[in-house]
Amino acid sequence: MLEHTPKEIKERKGGMINPAKTCQPIGAMYAALGIHKCLPHSHGSQGCCSYHRMHLTRHFRDPIMASTSSFTEGACVFGGGANLKTAIKNVFAIYDPDVMAIHTTCLTETIGDDIPSYLGSAEIPDGKIVIHANTPSYAGSHVTGFANMTKGMVTYLAEATTDTNKEQVNIIPGFVNPGDMREIKRLTKSMGINFIMFPDTSGVVDSPMTGKFEMFPRGGAKVEDIRDTGNSKLTIALGSFASTDAAIQLERKCKVPAKTLKTPIGIKATDEFLMALRAAFISEIPYELEEERGQLVDIMTDTHYHFHGQRVAVFGDPDVVIGLTEFILSLGMVPVHVLTGTPGAAFEKEIKAMLLEAGLKANVKANGDLFELQQWIKNEPVDLLLGNTYGKYISRAEDIPFVRVGFPVLDRSVHSYMPIVGYQGAMRLVEMISNALLDRADRDAADEDFELVM
Amino acid sequence: MDAGSLAVNEREKSIIVKGKQKKQLVCDTDSAAGCVSQRACVYCGARVVLNPVTDALHLVHGPIGCASYTWDIRGSLSSGSELYRSSFSTDLQEEDIIFGGEKKLARAIDELVLKHHPPLVFVYSTCIVGVIGDDLEAVCKAAAQRHNIQVIPVQSSGFIGNKSAGYRAACNALLRLMGPEPTPTRNLNSINYLGDFNLAGEAWIISNYLRQMGLEVNVTFTGDSRYETLIKAPRASLNIVQCAGSMHYLAQKMRELYGIPYLNVSFLGVLDTTASLRMIAEHFGGSGIKQKTEELIKTETDKVIPLINGYRGNLQGRKAAVYVGGGFKAISLIKQFREIGIDVVMIGTQTGRQSEYETINDLVDEGTVVLDDANPSELERFMVEKGAHLLVGGVKERPLAYKLGAAFIDHNHDRKHPLSGYEGAVNFAREVYSTVCSPVWKYLKA
Ligand code: SF4
Ligand code: SF4
C-alpha cells in the first residue's frame with residue numbers, strides 16, 4: 001500500500017502526506033464531552049462536525065453527540081452571529097443540556113466571528129451555561145484544541161470563593177482515554193486525597209449499555225466541581241501540551257499553584273505523579289500501590305531480556321509519546337525515531353533531553369508526518385512500531401510488529417476502557433509490547449528454533 | 001430527556017407517518033442551526049465519489065482536518081494502484097490564510113507529482129479556500145501545463161450545500177476529465193457502470209455478471225477506476241446507474257454530451273438484481289444476450305434462494321429501521337427486507353429527493369415513519385416507538401443502535417462484505433441474521 005514511498009528523503013514545503021495529527025475542533029469536542037451534561041457545539045459548517053463525531057465514534061465506539069451551526073453561504077458573507085443565536089436557542093430547546101460548549105472551526109475563524117460578543121447578546125435560558133474556545137485548525141493540532149477548550153472551562157467557570165484553600169487537588173488528565181482517566185482517579189483516591197478531575201470523559205464515552213440511549217450519560221466533571229477548582233490547593237497538569245494552559249489559567253485567575261507533570265505512563269512518570277501528590281498532601285503511599293509498583297518491577301525484570309536493545313519507532317500525540325519514550329527507555333529499548341504531528345519545539349527538547357541522558361541519538365521531530373516516519377524507517381529499520389491506528393500501513397509495508405496506543409485507534413476495540421497510565425497501565429504496555437515481539441519471533445522462527453518456553 | 005417534545009417547528013415538516021396525514025415531506029432543506037445533524041458536507045460528498053479513482057493523487061487544499069478524516073475511510077478496493085489510499089493535504093497555516101494559499105498549493109502539486117508520477121491530480125477545495133478566495137482553476141491549469149498531466153479542481157467548499165452538491169462537484173470533475181466532445185467510435189455491447197464504489201469488491205461481482213451476459217464493462221464510476229479507463233468512458237453504448245443519488249446527474253450529462261442512454265438499476269436484493277439484469281438484456285435486445293442472462297439468473301437464484309430462505313425462517317416478523325444516505329438505496333432496502341421477512345417500520349435518508357420519498361411512501365406499510373435528515377433523538381424515539389429490532393445506518397448510528405439494544409447493519413463505508421448482487425443478498429441475510437440473532441442481546445437485562 002505504501003510501496004510508493006521513496007527511501008530518499010527530500011525537503012518538502014507543500015503540506016503533509018499521511019498526517020500524524022488532525023484539527024483542533026475534534027480535541028475541543030472531546031474535552032467538552034468531559035463536562036457533565038454538556039453538549040459540544042461546532043460553530044461552522046455541518047461537515048466538520050459530522051467528521052469529528054464520526055472519528056470520535058470510531059475510536060470510542062460510543063455515541064458522540066454534538067450540534068452544529070450549519071453554515072450556509074449567507075452566514076459566510078454576513079457572519080455567523082445569527083446562526084449561533086438560533087443554534088443556542090435550539091440546543092437548549094431540543095436537547096436541554098446544562099452546558100453548551102462552543103468551539104470554532106477554520107471557517108468561522110477565517111471570517112472573524114467574535115463569539116464572546118455574540119454570546120453577550122444571545123438569549124441563554126436561566127441556569128444554563130455557555131462556554132467557548134477558539135480552535136482554528138490552521139494552527140496546532142487536535143491536542144491544541146483539547147488544551148484550548150480545557151482552558152476555556154477555567155476561564156468561564158473556575159472561581160475562588162473561599163478564604164483558605166481546600167485540601168483538594170485539581171487534576172487535568174490531558175488527551176487520554178476514559179480508561180486512563182479512571183486509573184488516574186483510582187490512584188489519587190487510594191492516596192486518600194480529595195480531587196477534582198476535569199475534563200473527565202469517563203462515564204460519558206465509555207458508558208454502559210442499559211438498553212436506553214442517554215443523550216447525556218452519567219459521567220463528566222460537574223459544573224460546580226469545575227467552579228470549585230478555584231479553591232483547590234494545587235493543580236496537577238498531566239501532559240504539557242494538553243493540560244498546562246488550563247493550569248496556568250487557574251493560577252492566574254484563582255491563584256491555585258500549577259504543577260505540570262508528564263502523562264504518567266511508565267514507572268518513572270507514575271512515581272513522579274504519586275510523589276507530587278504525597279509531597280503536597282503529606283499522605284502516605286498505601287500498600288496497595290506499593291504492591292502494584294513492586295509487581296510492575298517484577299514483571300519488568302522477568303521480561304527485560306526481550307526488550308533490551310530492541311529498536312523502536314514511536315509516534316502520536318506529544319504528551320503520550322513523551323511518556324512512552326521514557327517508558328521504553330526504562331525497559332532497555334532504543335527509540336530510533338520519535339515523531340509527533342503536533343507542532344511544538346518543547347516536544348523535541350524534552351525527547352532529546354531523555355535521549356541524552358540515556359546516551360542515545362535518534363530522529364526526533366514535531367510537526368512531522370507519517371510519510372517522513374516511513375522514510376526514516378526505510379533508512380534505519382526498527383523492530384517495533386508504537387503509535388495510533390495509522391501506523392498499520394507502515395507496519396505492513398515495512399513488516400514491523402506494531403502496538404496500537406494513543407488516538408485514534410479505529411481498527412481495534414476495548415482499548416479506550418483499558419489504561420496505559422499508572423503501574424497497571426505500564427503492566428499492560430509490557431504485555432502488549434512483548435506479545436507483539438514474541439508473536440513475531442514465533443511467526444518467523446524456523447521449525448528447529450520454534451520454542452515452547454520463551 | 002423527553003424525546004416527544006423535541007421537534008423544533010422547522011423539523012416537524014421533515015417527518016411523516018404513512019396513513020396519518022396527507023402532507024408532503026419537506027426534504028433537501030438545510031439542517032437547522034443547533035441540530036445534531038447526521039449530515040456531511042459538500043467536500044465529503046465529492047471525496048467519496050472520486051476517492052475510488054485509484055491512480056489519482058487526491059490533494060486536499062485546506063487545513064489538516066478535512067484531509068485527516070477522509071484518509072482511507074472508504075473501503076473501496078483496487079486491482080491496481082494504491083495511491084488513492086494515501087492522504088495528501090496542503091495543511092494550510094495561519095500565514096496561508098492571511099496571504100492566500102495558492103503558492104503553497106502549486107508547490108505541493110509540484111512536489112507530489114515529482115514524487116508519485118500520477119497521471120491525474122484532483123485538487124479539492126474546502127470551505128476555507130472558498131472564503132480566502134484562492135484561484136484553484138488558475139493554479140491547477142498552470143500545474144497541468146507544467147507537468148503535462150490532468151490537474152482537475154474539485155469545487156467542493158463545504159458550506160455551499162450538502163452532500164448532494166458534493167456529488168455534483170465530483171461529477172463535474174469527471175466530466176472535465178472525459179472532455180466535452182463525443183468520441184467518434186462507439187463500442188457495441190459496452191457498458192459503463194455508474195454508482196458503485198467497489199466497497200468490499202461489489203463492482204467486481206456486478207461486472208462479472210455483465211460479462212457473463214456477453215457484455216463488455218467499459219468503466220465503473222468510480223470503483224476501481226483509473227485514469228486510462230475513465231477517459232474512454234464516452235465510448236460505451238449504455239450507462240447503468242446504481243446509486244442514483246450521486247450519479248444520476250453524471251448519467252444525464254453523458255447522455256447530453258455523448259448521446260449515451262442510461263438505465264436506473266439496483267443490485268440490492270434478489271428481486272431487484274434480477275429485474276435490473278433483465279432490463280439491461282432487454283436494452284441490448286439480442287437473443288444471445290437474453291438467453292445468457294436468463295441462464296445466469298437461473299444459476300444464481302437456484303444457488304442463493306435456499307440459503308436466503310434458511311435465514312428468512314429465523315427472521316420472519318422482525319422489524320427494521322433504516323437510515324441511509326440516498327433515497328434510492330432506501331427504496332431497495334425496503335424490498336430487500338421483505339425478501340427476508342422483515343418489515344421496515346421507520347425509514348429516513350440524509351439526501352433523498354421528493355420523488356424518492358413518494359416511492360418510499362407507496363412501498364411502506366401503513367404506520368411506517370418516514371423522515372428526512374433525522375437527528376439522533378428522532379432516530380431513538382421512532383425506533384423505540386416502533387419496536388425496531390434492527391437499524392441500518394452509517395458509522396455514527398452504530399453505537400446508538402447498540403445502546404438501545406438493537407442490532408445493526410452498516411450499509412455504508414464500513415461494510416465488511418459485499419452486499420450487491422446475488423451473493424450480496426446472501427451476505428445481507430447472513431449479516432442481518434448474525435446481528436439480530438446474536439446471543440449478546442440476552443444479557444441486556446441483568
Ligand atoms: S471545512 Fe468544509 S469542507 Fe472541510 S470538513 Fe468542514 S464542511 Fe467539509
Ligand atoms: S475545516 Fe478546519 S475544522 Fe473543519 S474539518 Fe477541516 S480542518 Fe477541521
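The values are calculated or read from the model by the stated rules, or taken from the named source; none is laboratory data. Since the model is a prediction, treat every value here as computed from it, not as a measurement. Cβ sites come from the backbone with ideal geometry, for glycine too, and all protein chains shown count toward neighbours. SASA here: full protein model, heavy atoms, side chains in, ligands and nucleic acids out. Shrake-Rupley method; radii C 1.70, N 1.55, O 1.52, S 1.80 Å.
So, in segment B:82-140, of the ones that are on the phi > 0 side of the Ramachandran plot and either charged (D, E, K, R) or touching a residue at least 24 places away in the same chain (Cβ under 8 Å) (or both), which residue ends up nearest to ligand 1 (Cβ to nearest atom)? Spell out how you get there, then give the answer.
Applying the first criterion (on the phi > 0 side of the Ramachandran plot) to segment B:82-140 yields B:91, B:100, B:117, B:133.
Applying the additional criterion that residues be either charged (D, E, K, R) or touching a residue at least 24 places away in the same chain (Cβ under 8 Å) (or both) yields B:91, B:100, B:133.
On the way: B:91: 13, B:100: 17, B:133: 15 Å.
It comes out as B:91.
If you go through segment B:157-168 one residue at a time, do you hit one that is at pLDDT 90 or above and of a type in the set (S, T, N, Q)?
no
Counting only residues that are under 17 Å from residue A:51 (Cβ atoms), part of a loop (DSSP other than H, G, I, E, B) and out of contact with any Cys (no Cβ under 8 Å at 6 or more places or on another chain), how many does segment A:4-38 have?
Adding up the residues that qualify gives 3.
Identify the single condition in (1) touching a residue at least 40 places away in the same chain (Cβ under 8 Å); (2) surrounded by fewer than 21 Cβ atoms within 10 Å (Cβ to Cβ) that residue B:149 does not satisfy, given that it satisfies every other one.
Among (1) touching a residue at least 40 places away in the same chain (Cβ under 8 Å); (2) surrounded by fewer than 21 Cβ atoms within 10 Å (Cβ to Cβ), the lone unmet condition for residue B:149 is (1).
Could you tell me whether segment B:193-209 includes any residue that is open to solvent by 60 Å² or more (accessible area, probe 1.4 Å) and closer than 21 Å to residue B:78 by Cα? Working first, answer last.
Of all residues in segment B:193-209, those open to solvent by 60 Å² or more (accessible area, probe 1.4 Å) come to B:204, B:208.
After this cut, where a residue has to be closer than 21 Å to residue B:78 by Cα as well, the list is B:204, B:208.
Checking segment B:193-209: at least one residue is open to solvent by 60 Å² or more (accessible area, probe 1.4 Å) and closer than 21 Å to residue B:78 by Cα.
Out of everything in segment A:95-106 that is away from ligand 2 (no atom under 16 Å from the Cβ) and open to solvent by less than 10 Å² (accessible area, probe 1.4 Å), what residue ends up being nearest to the other protein chains (Cβ to nearest Cβ)?
Let us first name the residues in segment A:95-106 that are away from ligand 2 (no atom under 16 Å from the Cβ), namely A:95-100.
Narrowing the set further to residues that are open to solvent by less than 10 Å² (accessible area, probe 1.4 Å) leaves A:95, A:97, A:99-100.
Working: A:95: 7, A:97: 9, A:99: 15, A:100: 9 Å.
So, considering only residues that are away from ligand 2 (no atom under 16 Å from the Cβ) and open to solvent by less than 10 Å² (accessible area, probe 1.4 Å), the one nearest to the other protein chains (Cβ to nearest Cβ) is A:95.
Take the conditions of a type outside the set (S, T, N, Q), in contact with a His (Cβ under 9 Å, 6 or more places away or on another chain), open to solvent by 20 Å² or more (accessible area, probe 1.4 Å) and touching a residue at least 60 places away in the same chain (Cβ under 8 Å) and apply them to residue A:241. Does it pass? First the steps, then the outcome.
Values: of a type outside the set (S, T, N, Q): yes; in contact with a His (Cβ under 9 Å, 6 or more places away or on another chain): no; open to solvent by 20 Å² or more (accessible area, probe 1.4 Å): yes; touching a residue at least 60 places away in the same chain (Cβ under 8 Å): yes.
No: the conditions fail for residue A:241.
Of all residues in segment A:333-361 being in a strand (DSSP E or B) and not hydrophobic (A, V, I, L, M, F, W, C), which is farthest from residue A:310 (Cα to Cα)? Explain how you work it out, then say what you get.
Going residue by residue through segment A:333-361, those that are in a strand (DSSP E or B) are A:334-340.
Of the ones still in play, those that are also not hydrophobic (A, V, I, L, M, F, W, C) are A:335, A:337, A:340.
Numbers: A:335: 8, A:337: 12, A:340: 21 Å.
Ranking the qualifying residues of segment A:333-361, first place goes to A:340.
Could you tell me which residue of segment B:74-106 is nearest to ligand 2 (Cβ to nearest atom), considering only residues that are touching a His at 6+ places or on another chain (Cβ under 8 Å) and more than 8 Å from chain A (Cβ to nearest Cβ)?
Top of the filtered list is B:101.
Residues that are touching a Gly at 6+ places or on another chain (Cβ under 8 Å): find the strands (runs of 3 or more DSSP E) completely inside segment A:362-447 holding 1 or more of those.
Values: elements: A:363-365, A:384-387, A:402-404.
Output list reads A:384-387, A:402-404.
Against the conditions (1) within 12 Å of ligand 2 (Cβ to nearest atom); (2) not assigned by TED's automatic domain parsing to the domain that holds residue A:73, where does residue A:44 fall short? Just the number, please.
Every listed condition holds for residue A:44 apart from (2).
One residue is enough: does segment B:46-59 have a residue meeting the conditions more than 8 Å from ligand 1 (Cβ to nearest atom), at positive phi and buried (at least 24 other Cβ atoms within 10 Å of the Cβ)?
First pass over segment B:46-59, keeping only residues more than 8 Å from ligand 1 (Cβ to nearest atom): B:46-59.
Still in the list and also at positive phi: none.
The answer is no, given that none of the residues of segment B:46-59 is more than 8 Å from ligand 1 (Cβ to nearest atom), at positive phi and buried (at least 24 other Cβ atoms within 10 Å of the Cβ).
Listed residues B:275, B:281; which is without any contact (Cβ under 8 Å) to a residue 24 or more places away in the chain and either of a type in the set (Asp, Glu) or closer than 24 Å to residue B:247 by Cβ (or both)? Break it down stepwise before answering.
On the way: B:281 fails: without any contact (Cβ under 8 Å) to a residue 24 or more places away in the chain.
Checking each option against the conditions leaves just B:275.
Output the residues belonging to segment A:260-276 that are of a type outside the set (Gly, Ala, Ser), touching a residue at least 24 places away in the same chain (Cβ under 8 Å) and either closer than 14 Å to residue A:188 by Cβ or open to solvent by less than 10 Å² (accessible area, probe 1.4 Å) (or both).
Passing the criteria: A:261, A:263, A:264, A:265, A:270, A:273, A:274.
Return the residue satisfying two criteria in turn: it lies in segment A:55-64 and is away from ligand 2 (no atom under 11 Å from the Cβ) and within 7 Å of chain B (Cβ to nearest Cβ), and of such residues it is surrounded by the fewest Cβ atoms within 10 Å (Cβ to Cβ).
Narrowing segment A:55-64 to residues away from ligand 2 (no atom under 11 Å from the Cβ): A:56-64.
Adding the requirement that they be within 7 Å of chain B (Cβ to nearest Cβ) leaves A:57-58, A:61-63.
Values: A:57: 21, A:58: 21, A:61: 19, A:62: 23, A:63: 26.
Restricting to residues being away from ligand 2 (no atom under 11 Å from the Cβ) and within 7 Å of chain B (Cβ to nearest Cβ), the top hit is A:61.
Regarding residue B:266, is this residue assigned to a loop (DSSP other than H, G, I, E, B), outside the structural domain of residue B:411 (by TED's automatic domain parsing) and in contact with a Ser or Thr (Cβ under 9 Å, 6 or more places away or on another chain)? I'd like the intermediate steps shown before the answer.
Numbers: assigned to a loop (DSSP other than H, G, I, E, B): yes; outside the structural domain of residue B:411 (by TED's automatic domain parsing): yes; in contact with a Ser or Thr (Cβ under 9 Å, 6 or more places away or on another chain): yes.
In short, yes.
If only one of B:224, B:302 is surrounded by 17 or more Cβ atoms within 10 Å (Cβ to Cβ) and among the acidic types (Asp, Glu), which one is it? Quick ask: steps written out before the conclusion?
Numbers: B:302 fails: surrounded by 17 or more Cβ atoms within 10 Å (Cβ to Cβ).
Only one candidate qualifies: B:224.
With B:380, B:358, B:431, B:366 as the choices, which residue is touching a strand residue (DSSP E or B) at 6+ places or on another chain (Cβ under 6 Å) and open to solvent by 10 Å² or more (accessible area, probe 1.4 Å)? Reasoning before the result, please.
Details: B:380 fails: touching a strand residue (DSSP E or B) at 6+ places or on another chain (Cβ under 6 Å); B:358 fails: touching a strand residue (DSSP E or B) at 6+ places or on another chain (Cβ under 6 Å); B:366 fails: touching a strand residue (DSSP E or B) at 6+ places or on another chain (Cβ under 6 Å).
Result: B:431 is the single residue among B:380, B:358, B:431, B:366 that is touching a strand residue (DSSP E or B) at 6+ places or on another chain (Cβ under 6 Å) and open to solvent by 10 Å² or more (accessible area, probe 1.4 Å).
So residue A:115 ticks every box in (1) within 12 Å of chain B (Cβ to nearest Cβ); (2) open to solvent by less than 10 Å² (accessible area, probe 1.4 Å) but one. Which box is left unticked?
Going through (1) within 12 Å of chain B (Cβ to nearest Cβ); (2) open to solvent by less than 10 Å² (accessible area, probe 1.4 Å) one by one, residue A:115 breaks only (1).
Name the pairs: first residue in segment A:1-21 and at the interface with chain B (Cβ under 7 Å from one of its Cβ atoms), second residue in a strand (DSSP E or B), Cβ to Cβ under 6 Å, at least 6 apart or on different chains?
A:15/B:89; A:16/A:369; A:16/B:89; A:17/A:369; A:17/B:88; A:18/A:369; A:19/A:369
Output the residues belonging to segment B:16-36 that are within 23 Å of the chain's Cα centre (by Cα) and at pLDDT 75 or above. Give the derivation first.
Filtering segment B:16-36 for residues within 23 Å of the chain's Cα centre (by Cα) gives B:25-31, B:36.
Listed by number, the list holds a single entry, B:36.
Against the condition over 28 Å from residue B:378 (Cα atoms), in contact with a strand residue (DSSP E or B) (Cβ under 6 Å, 6 or more places away or on another chain) and among the β-branched types (Val, Ile, Thr), how does residue A:188 come out, does it pass? Walk me through how you get there before you give the answer.
Numbers: over 28 Å from residue B:378 (Cα atoms): yes; in contact with a strand residue (DSSP E or B) (Cβ under 6 Å, 6 or more places away or on another chain): yes; among the β-branched types (Val, Ile, Thr): yes.
Yes.
Provide a single number: the residues in segment A:277-304 that are crowded, with 16+ Cβ neighbours inside 10 Å and under 27 Å from the mean Cα position of the chain (by Cα).
10
Which one of B:109, B:64 is farther than 30 Å from residue B:377 by Cα, away from ligand 2 (no atom under 16 Å from the Cβ) and surrounded by 24 or more Cβ atoms within 10 Å (Cβ to Cβ)? If you could, list the steps in order and put the result at the bottom.
Details: B:64 fails: away from ligand 2 (no atom under 16 Å from the Cβ).
The unique qualifying residue is B:109.
Yes/no per residue for (1) within 25 Å of residue A:177 (Cα to Cα); (2) touching a strand residue (DSSP E or B) at 6+ places or on another chain (Cβ under 9 Å); (3) among the hydroxyl-bearing types (Ser, Thr, Tyr):
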position: A:408; (1), (2), (3): yes, no, no
position: A:415; (1), (2), (3): yes, yes, no
position: A:418; (1), (2), (3): yes, no, no
position: A:421; (1), (2), (3): yes, yes, no
position: A:425; (1), (2), (3): yes, yes, no
position: A:428; (1), (2), (3): yes, no, no
position: A:434; (1), (2), (3): yes, no, yes
position: A:448; (1), (2), (3): no, no, no
position: A:454; (1), (2), (3): no, no, no
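For segment A:37-54, what are the residues that are within 7 Å of another protein chain (Cβ to nearest Cβ) and either more than 16 Å from ligand 1 (Cβ to nearest atom) or surrounded by fewer than 24 Cβ atoms within 10 Å (Cβ to Cβ) (or both)?
Within segment A:37-54, A:54 is the sole residue that qualifies.
Spot the failing condition for residue A:82; the list is (1) more than 7 Å from every other protein chain (Cβ to nearest Cβ); (2) surrounded by 22 or more Cβ atoms within 10 Å (Cβ to Cβ), and only one is missed.
Against the list (1) more than 7 Å from every other protein chain (Cβ to nearest Cβ); (2) surrounded by 22 or more Cβ atoms within 10 Å (Cβ to Cβ), residue A:82 comes up short only on (2).
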